[in-house]
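My structure is below; once you've seen it, I'll send some questions.
The values are calculated or read from the model by the stated rules, or taken from the named source; none is laboratory data. Bear in mind that the values here come from a model prediction, so they are computed numbers and not experimental data. No Cβ is skipped: glycine too gets one built from the backbone with ideal geometry, and neighbour counts run over all protein chains shown. Only protein heavy atoms, including side chains, enter the accessible area calculation; ligands, DNA and RNA are left aside. Shrake-Rupley method; radii C 1.70, N 1.55, O 1.52, S 1.80 Å.
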Amino acid sequence: QVQLSESGGGLVQPGGSLRLSCETSGIVFSFYTMHWYRQAPGKKRELVASIDTGGRANYGDFVKGRFAISRDLPKASVYLQMNSLKPEDTAVYYCNAKSDWHTYWGQGTQVTVSS
């Protein structure tokens, strides 16, 4: 059974930091490009960051150097370090694993940036 389990969300003040984690099981992790998406109330789900099977990272334009995606192959996990958080970063953040054959989603973790 495939599972993607996000953690690390919460309430943080503007300018603060959070580190999201996504632990996977049931997949051959090295075969998958891993993504972080987010969805704010009333808005479409948008891509935050990706890391491909070669370890290359890509980011949404709005990230602008504030976030960093990384992965740990032995732990089959992907991380999103988020710095300089803004109120507009408030959203549910989802982990996604995609290969040529399958796509899997986590249940999401809430990030709220507010003073």
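Tally Lys and Arg at +1 and Asp and Glu at -1 over the other residues with C-beta under 15 Å from the C-beta of Tyr37: what net charge comes out?
So the environment of Tyr37 carries a net charge of +1.
What is the gain in length, in nm to one decimal, between Lys86 and Asp72 on full extension, counting 0.36 nm per residue of separation less the C-alpha to C-alpha distance?
2.3 nm
Whole angstrom only: what separates the Cα centroid of segment 31-74 from the Cα centroid of segment 89-104?
After rounding, the separation between the Cα centres reads 9 Å.
Another question about this same structure. How much of the accessible area of the chain, in percent, comes from carbon and sulfur atoms when a 1.4 Å probe is used?
48 percent
Any chance you could run the full-extension gain for Gln3 through Ser115? It's 0.36 nm times the residue separation minus the Cα-Cα distance, nm to one decimal.
37.0 nm
State in Å² the accessible area per residue of the chain; use a 1.4 Å probe, count heavy atoms of protein chains only, and round to the nearest integer.
Ligands and nucleic acids excluded, the result is 55 Å² per residue.
If exposed chymotrypsin sites (Phe, Trp or Tyr not before Pro) are those in a DSSP loop with at most 16 other Cβ within 10 Å, what is the longest stretch of the chain that has none?
Looking at the chain, 1-61 is the longest stretch - no exposed chymotrypsin sites (Phe, Trp or Tyr not before Pro) with at most 16 other Cβ atoms within 10 Å.
For segment 51-115, just say rounded, prolate or oblate: build the C-alpha gyration tensor, square-root its eigenvalues into a ≥ b ≥ c, call rounded for a/c under 1.5, and beyond that prolate if a/b exceeds b/c, oblate if not.
Prolate.
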